[in-house]
1. State yes or no: is ALA10 within 15 Å of GLY134 (Cβ to Cβ) and part of a strand (DSSP E or B)?
2. Could you please find all residues in segment 228-266 being closer than 26 Å to CYS119 by Cβ and charged (D, E, K, R)?
3. Only one residue in ALA237, ALA268, ALA249 is among the small types (Gly, Ala, Ser) and in a strand (DSSP E or B), so which one is that?
4. Is there a residue being open to solvent by 60 Å² or more (accessible area, probe 1.4 Å) and assigned to a helix (DSSP H, G or I) anywhere in segment 133-140?
5. Hey, could you check segment 234-276 for residues that are of a type in the set (S, T, N, Q) and open to solvent by 20 Å² or more (accessible area, probe 1.4 Å) and say which is farthest from LEU161 (Cα to Cα)?
6. Looking at the structure I just gave you, is ASP151 charged (D, E, K, R) and touching a Cys at 6+ places or on another chain (Cβ under 9 Å)?
7. Consider segment 167-199. How many of its residues are touching an Asp or Glu at 6+ places or on another chain (Cβ under 6 Å) and part of a loop (DSSP other than H, G, I, E, B)?
8. Free of Cβ contacts under 8 Å to residues at least 12 places away in the same chain and out of contact with any Phe, Trp or Tyr (no Cβ under 8 Å at 6 or more places or on another chain): does that describe LEU80?
Amino acid sequence: MANIKRVRKAVIPAAGWGTRFLPATKSMPKEMLPIVDTPTIQYIVEEAVNSGIEQICLITSHTKKAIEDHFDRTLELEALLEKGGKTEYLNQIKAIADMVEVVAVRQKEAKGLGHAVLCAKSFVGDEPFAVLLGDDVVYNDGTPCLKQLIDVYNEKGGSVLGVQTVPHENICKYGCVDGEKLGDRLYSVKDMIEKPKPEEAPTDVGVLGRYVITPEIFEKLETTKPGAGGEIQLTDALKALAKEQAMYAYDFVGRRYDVGDRLGFLEATVEYALRREDLSGQFKSYLKGLEL
(Lines give C-alpha, C1' and ligand atoms only; values in the text may rest on other atoms or scores of the structure.)
Protein backbone atom coordinates (compact mmCIF):
# COMPACT_ATOMS: atom_id res chain seq x y z
CA MET A 1 0.00 0.00 0.00
CA ALA A 2 1.41 3.38 -1.02
CA ASN A 3 2.19 6.30 1.28
CA ILE A 4 2.29 4.29 4.50
CA LYS A 5 4.41 6.10 7.06
CA ARG A 6 6.83 3.97 9.03
CA VAL A 7 6.03 3.29 12.67
CA ARG A 8 9.01 4.87 14.47
CA LYS A 9 7.55 6.05 17.77
CA ALA A 10 6.01 4.29 20.76
CA VAL A 11 4.09 5.48 23.80
CA ILE A 12 4.31 3.56 27.07
CA PRO A 13 1.77 4.71 29.71
CA ALA A 14 3.37 4.29 33.13
CA ALA A 15 1.61 6.75 35.43
CA GLY A 16 -0.59 4.43 37.49
CA TRP A 17 -0.27 3.92 41.24
CA GLY A 18 0.16 0.14 41.12
CA THR A 19 -2.21 -0.40 44.05
CA ARG A 20 -2.42 -4.16 43.44
CA PHE A 21 1.24 -4.39 44.47
CA LEU A 22 1.07 -2.41 47.69
CA PRO A 23 2.99 -2.10 49.94
CA ALA A 24 5.92 -2.58 47.48
CA THR A 25 4.66 0.22 45.24
CA LYS A 26 4.29 2.73 48.07
CA SER A 27 7.72 4.11 47.13
CA MET A 28 8.68 2.08 44.04
CA PRO A 29 7.04 2.33 40.60
CA LYS A 30 5.34 -0.96 39.75
CA GLU A 31 7.10 -0.82 36.36
CA MET A 32 10.43 -1.16 38.18
CA LEU A 33 9.49 -4.40 39.94
CA PRO A 34 11.98 -6.95 38.57
CA ILE A 35 11.21 -10.15 36.71
CA VAL A 36 14.27 -12.02 37.99
CA ASP A 37 16.78 -9.12 37.76
CA THR A 38 15.30 -6.96 35.00
CA PRO A 39 12.63 -4.30 35.60
CA THR A 40 9.32 -5.01 33.92
CA ILE A 41 9.50 -1.75 31.96
CA GLN A 42 12.80 -2.83 30.38
CA TYR A 43 11.18 -5.90 28.82
CA ILE A 44 8.55 -3.59 27.28
CA VAL A 45 11.16 -1.17 25.92
CA GLU A 46 13.27 -4.02 24.53
CA GLU A 47 10.24 -5.39 22.66
CA ALA A 48 9.67 -1.96 21.12
CA VAL A 49 13.32 -1.58 20.10
CA ASN A 50 13.41 -5.10 18.64
CA SER A 51 10.33 -4.15 16.61
CA GLY A 52 12.08 -1.19 14.98
CA ILE A 53 10.96 1.62 17.29
CA GLU A 54 13.41 4.55 17.41
CA GLN A 55 11.81 6.92 19.94
CA ILE A 56 9.82 6.16 23.08
CA CYS A 57 7.63 8.45 25.15
CA LEU A 58 7.04 7.35 28.74
CA ILE A 59 3.85 8.77 30.25
CA THR A 60 4.76 9.12 33.91
CA SER A 61 3.76 10.94 37.09
CA HIS A 62 5.66 12.70 39.86
CA THR A 63 6.20 9.35 41.62
CA LYS A 64 7.88 7.66 38.64
CA LYS A 65 11.27 9.38 38.33
CA ALA A 66 13.01 6.03 38.91
CA ILE A 67 11.76 4.83 35.49
CA GLU A 68 13.35 7.80 33.72
CA ASP A 69 16.57 7.31 35.68
CA HIS A 70 16.75 3.65 34.65
CA PHE A 71 17.19 4.62 31.00
CA ASP A 72 19.71 7.38 31.75
CA ARG A 73 23.47 7.20 32.30
CA THR A 74 24.72 6.63 35.87
CA LEU A 75 28.28 7.91 35.68
CA GLU A 76 29.16 7.23 39.33
CA LEU A 77 28.08 3.60 39.08
CA GLU A 78 29.84 3.19 35.73
CA ALA A 79 33.07 4.53 37.23
CA LEU A 80 32.74 2.18 40.21
CA LEU A 81 32.17 -0.86 38.00
CA GLU A 82 35.05 0.09 35.71
CA LYS A 83 37.39 0.53 38.67
CA GLY A 84 36.35 -2.86 40.03
CA GLY A 85 36.87 -4.60 36.72
CA LYS A 86 33.21 -5.61 36.51
CA THR A 87 33.08 -5.28 32.74
CA GLU A 88 29.98 -7.42 32.20
CA TYR A 89 27.84 -5.29 34.51
CA LEU A 90 29.36 -2.09 33.09
CA ASN A 91 28.48 -3.05 29.53
CA GLN A 92 25.02 -4.07 30.64
CA ILE A 93 24.05 -0.76 32.20
CA LYS A 94 25.62 1.24 29.38
CA ALA A 95 23.56 -0.75 26.86
CA ILE A 96 20.35 0.15 28.72
CA ALA A 97 21.10 3.88 28.47
CA ASP A 98 22.08 3.62 24.80
CA MET A 99 19.19 1.36 23.78
CA VAL A 100 16.81 3.99 22.41
CA GLU A 101 15.89 7.67 22.65
CA VAL A 102 13.54 8.05 25.62
CA VAL A 103 11.53 11.10 26.64
CA ALA A 104 9.09 11.44 29.53
CA VAL A 105 5.84 13.37 29.71
CA ARG A 106 3.91 13.66 32.95
CA GLN A 107 0.24 12.86 33.20
CA LYS A 108 -0.69 15.43 35.84
CA GLU A 109 -4.07 13.89 36.65
CA ALA A 110 -5.13 10.23 36.66
CA LYS A 111 -7.83 10.48 33.99
CA GLY A 112 -7.42 7.08 32.34
CA LEU A 113 -5.53 5.37 29.55
CA GLY A 114 -7.07 7.50 26.83
CA HIS A 115 -5.94 10.66 28.56
CA ALA A 116 -2.45 9.19 29.07
CA VAL A 117 -2.12 8.55 25.33
CA LEU A 118 -3.43 12.05 24.59
CA CYS A 119 -0.54 13.43 26.67
CA ALA A 120 1.80 12.15 23.92
CA LYS A 121 0.13 14.14 21.13
CA SER A 122 3.01 16.59 20.65
CA PHE A 123 5.55 13.75 20.73
CA VAL A 124 3.70 11.69 18.11
CA GLY A 125 2.76 14.46 15.69
CA ASP A 126 1.16 13.21 12.48
CA GLU A 127 2.75 9.75 12.45
CA PRO A 128 1.35 6.32 13.18
CA PHE A 129 2.60 5.11 16.54
CA ALA A 130 2.65 2.15 18.88
CA VAL A 131 1.22 1.89 22.38
CA LEU A 132 2.58 -0.74 24.76
CA LEU A 133 1.01 -1.20 28.18
CA GLY A 134 3.39 -1.98 31.00
CA ASP A 135 1.08 -4.56 32.62
CA ASP A 136 1.51 -6.88 29.64
CA VAL A 137 4.80 -8.63 29.00
CA VAL A 138 4.87 -10.88 25.94
CA TYR A 139 7.51 -13.56 25.48
CA ASN A 140 8.27 -14.67 21.95
CA ASP A 141 11.51 -16.27 20.81
CA GLY A 142 10.71 -15.34 17.21
CA THR A 143 9.01 -12.19 15.92
CA PRO A 144 8.25 -9.72 18.76
CA CYS A 145 4.58 -9.09 19.44
CA LEU A 146 4.70 -5.43 18.40
CA LYS A 147 6.56 -6.28 15.20
CA GLN A 148 3.73 -8.64 14.26
CA LEU A 149 1.26 -5.75 14.55
CA ILE A 150 3.53 -3.37 12.62
CA ASP A 151 3.75 -5.93 9.80
CA VAL A 152 -0.06 -5.98 9.61
CA TYR A 153 -0.17 -2.17 9.63
CA ASN A 154 2.36 -2.02 6.80
CA GLU A 155 0.16 -4.34 4.76
CA LYS A 156 -3.28 -2.93 5.63
CA GLY A 157 -2.67 0.71 6.54
CA GLY A 158 -5.16 0.93 9.41
CA SER A 159 -4.84 0.80 13.18
CA VAL A 160 -4.08 -2.67 14.54
CA LEU A 161 -4.97 -4.02 17.99
CA GLY A 162 -3.08 -6.88 19.58
CA VAL A 163 -5.58 -9.50 20.75
CA GLN A 164 -5.90 -13.04 21.99
CA THR A 165 -8.87 -15.18 22.95
CA VAL A 166 -9.30 -15.07 26.72
CA PRO A 167 -11.39 -17.27 29.04
CA HIS A 168 -15.01 -16.17 28.82
CA GLU A 169 -15.22 -15.31 32.52
CA ASN A 170 -12.19 -12.99 32.17
CA ILE A 171 -13.39 -10.88 29.23
CA CYS A 172 -14.68 -8.36 31.80
CA LYS A 173 -11.03 -7.38 32.43
CA TYR A 174 -10.32 -6.24 28.86
CA GLY A 175 -11.48 -4.28 25.89
CA CYS A 176 -13.58 -6.69 23.82
CA VAL A 177 -13.46 -6.76 20.00
CA ASP A 178 -16.44 -7.48 17.79
CA GLY A 179 -15.65 -8.00 14.13
CA GLU A 180 -15.30 -10.29 11.16
CA LYS A 181 -12.54 -12.87 10.92
CA LEU A 182 -10.50 -12.23 7.77
CA GLY A 183 -7.94 -14.99 8.08
CA ASP A 184 -6.22 -17.33 10.48
CA ARG A 185 -5.29 -14.55 12.92
CA LEU A 186 -6.71 -11.33 11.47
CA TYR A 187 -10.04 -9.63 12.25
CA SER A 188 -11.70 -6.48 10.99
CA VAL A 189 -12.89 -4.39 13.94
CA LYS A 190 -16.51 -3.28 13.76
CA ASP A 191 -17.12 -2.48 17.41
CA MET A 192 -15.41 -2.51 20.81
CA ILE A 193 -16.66 -2.68 24.38
CA GLU A 194 -14.53 -1.75 27.40
CA LYS A 195 -14.65 -4.41 30.14
CA PRO A 196 -18.07 -5.88 29.32
CA LYS A 197 -19.94 -8.25 31.60
CA PRO A 198 -19.34 -11.80 30.30
CA GLU A 199 -23.02 -12.20 29.39
CA GLU A 200 -22.87 -8.98 27.32
CA ALA A 201 -19.59 -9.64 25.49
CA PRO A 202 -20.04 -10.29 21.74
CA THR A 203 -16.81 -12.36 21.62
CA ASP A 204 -14.01 -13.60 23.87
CA VAL A 205 -11.40 -11.67 21.84
CA GLY A 206 -9.64 -9.36 24.28
CA VAL A 207 -7.26 -6.48 23.57
CA LEU A 208 -4.04 -7.28 25.40
CA GLY A 209 -1.89 -4.21 25.75
CA ARG A 210 -0.41 -3.71 22.27
CA TYR A 211 -1.59 -1.26 19.61
CA VAL A 212 -0.48 0.41 16.39
CA ILE A 213 -2.65 3.50 15.95
CA THR A 214 -3.04 6.17 13.30
CA PRO A 215 -2.62 9.80 14.47
CA GLU A 216 -6.31 10.61 13.88
CA ILE A 217 -6.92 8.99 17.28
CA PHE A 218 -5.97 12.28 18.96
CA GLU A 219 -9.00 14.06 17.46
CA LYS A 220 -11.18 11.36 18.98
CA LEU A 221 -9.45 11.43 22.36
CA GLU A 222 -9.93 15.20 22.63
CA THR A 223 -13.70 14.76 22.44
CA THR A 224 -14.08 11.44 24.27
CA LYS A 225 -16.17 11.70 27.43
CA PRO A 226 -15.33 9.73 30.58
CA GLY A 227 -16.53 6.14 30.25
CA ALA A 228 -15.96 2.98 32.28
CA GLY A 229 -14.64 3.81 35.74
CA GLY A 230 -15.20 7.52 35.13
CA GLU A 231 -12.02 7.62 33.02
CA ILE A 232 -11.27 8.62 29.43
CA GLN A 233 -11.00 5.23 27.78
CA LEU A 234 -8.76 4.54 24.79
CA THR A 235 -11.27 1.88 23.76
CA ASP A 236 -14.03 4.50 23.33
CA ALA A 237 -11.81 6.63 21.09
CA LEU A 238 -10.77 3.61 19.03
CA LYS A 239 -14.41 2.64 18.67
CA ALA A 240 -15.17 6.09 17.23
CA LEU A 241 -12.14 5.90 14.93
CA ALA A 242 -13.24 2.48 13.63
CA LYS A 243 -16.39 4.10 12.27
CA GLU A 244 -14.28 6.30 9.98
CA GLN A 245 -11.23 4.15 9.16
CA ALA A 246 -10.50 0.51 8.60
CA MET A 247 -9.27 -1.03 11.84
CA TYR A 248 -7.88 -4.50 12.45
CA ALA A 249 -7.17 -6.86 15.31
CA TYR A 250 -4.38 -9.41 15.15
CA ASP A 251 -4.20 -12.54 17.27
CA PHE A 252 -0.50 -12.26 18.04
CA VAL A 253 1.81 -15.20 18.66
CA GLY A 254 3.44 -15.19 22.08
CA ARG A 255 3.09 -16.04 25.75
CA ARG A 256 1.47 -13.05 27.38
CA TYR A 257 1.83 -12.38 31.09
CA ASP A 258 -0.45 -10.05 33.04
CA VAL A 259 2.27 -8.69 35.33
CA GLY A 260 -0.16 -6.19 36.83
CA ASP A 261 -1.65 -9.19 38.61
CA ARG A 262 0.30 -10.85 41.43
CA LEU A 263 -0.22 -14.38 40.11
CA GLY A 264 0.72 -13.30 36.57
CA PHE A 265 3.84 -11.62 37.92
CA LEU A 266 4.86 -14.80 39.73
CA GLU A 267 4.27 -16.87 36.58
CA ALA A 268 6.49 -14.51 34.58
CA THR A 269 9.24 -14.60 37.20
CA VAL A 270 9.32 -18.40 37.33
CA GLU A 271 9.13 -18.94 33.57
CA TYR A 272 11.70 -16.28 32.69
CA ALA A 273 14.06 -17.77 35.25
CA LEU A 274 13.60 -21.22 33.73
CA ARG A 275 14.58 -19.85 30.31
CA ARG A 276 17.92 -18.51 31.54
CA GLU A 277 20.97 -20.67 31.02
CA ASP A 278 22.65 -19.27 34.14
CA LEU A 279 19.69 -20.14 36.39
CA SER A 280 17.52 -22.85 34.86
CA GLY A 281 19.47 -25.92 36.02
CA GLN A 282 19.67 -25.04 39.69
CA PHE A 283 16.20 -23.49 39.71
CA LYS A 284 14.61 -26.61 38.19
CA SER A 285 16.31 -28.75 40.84
CA TYR A 286 14.99 -26.44 43.55
CA LEU A 287 11.42 -26.54 42.18
CA LYS A 288 11.47 -30.33 41.84
CA GLY A 289 12.54 -30.60 45.48
CA LEU A 290 9.60 -28.61 46.81
CA GLU A 291 6.95 -30.52 48.70
CA LEU A 292 3.87 -29.16 46.97
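1. On the way: within 15 Å of GLY134 (Cβ to Cβ): yes; part of a strand (DSSP E or B): yes.
When the stated conditions are applied, ALA10 passes them.
2. GLU231, ASP236, LYS239, LYS243, GLU244, ARG256, ASP258, ASP261
3. On the way: ALA237 fails: in a strand (DSSP E or B); ALA268 fails: in a strand (DSSP E or B).
Answer to the check: ALA249.
4. Just the residues of segment 133-140 that are open to solvent by 60 Å² or more (accessible area, probe 1.4 Å), to begin with: 139.
Subset that is assigned to a helix (DSSP H, G or I): none.
So far as segment 133-140 goes, no, none of its residues is open to solvent by 60 Å² or more (accessible area, probe 1.4 Å) and assigned to a helix (DSSP H, G or I).
5. Applying the first criterion (of a type in the set (S, T, N, Q)) to segment 234-276 yields 235, 245, 269.
Of the ones still in play, those that are also open to solvent by 20 Å² or more (accessible area, probe 1.4 Å) are 245, 269.
Working: GLN245: 14, THR269: 26 Å.
Among those that are of a type in the set (S, T, N, Q) and open to solvent by 20 Å² or more (accessible area, probe 1.4 Å), it is THR269.
6. Details: charged (D, E, K, R): yes; touching a Cys at 6+ places or on another chain (Cβ under 9 Å): no.
When the stated conditions are applied, ASP151 does not pass them.
7. Within segment 167-199, the first condition is being touching an Asp or Glu at 6+ places or on another chain (Cβ under 6 Å), and the residues that meet it are 168, 171, 175, 178, 185, 188, 190-191, 198.
Narrowing further to those that are part of a loop (DSSP other than H, G, I, E, B): 185.
Residues in segment 167-199 being touching an Asp or Glu at 6+ places or on another chain (Cβ under 6 Å) and part of a loop (DSSP other than H, G, I, E, B): 1 in total.
8. Numbers: free of Cβ contacts under 8 Å to residues at least 12 places away in the same chain: yes; out of contact with any Phe, Trp or Tyr (no Cβ under 8 Å at 6 or more places or on another chain): yes.
Judged against the criteria, LEU80 is a match.
The values are calculated or read from the model by the stated rules, or taken from the named source; none is laboratory data. The shown structure was predicted, so the numbers you read here are calculated from the model rather than taken from an experiment. Quick reminder, even Gly has a Cβ in these numbers, built from the backbone with ideal geometry, and neighbours come from all protein chains shown. With ligands, DNA and RNA removed, areas are computed over all heavy atoms of the protein, side chains included. Shrake-Rupley method; radii C 1.70, N 1.55, O 1.52, S 1.80 Å.
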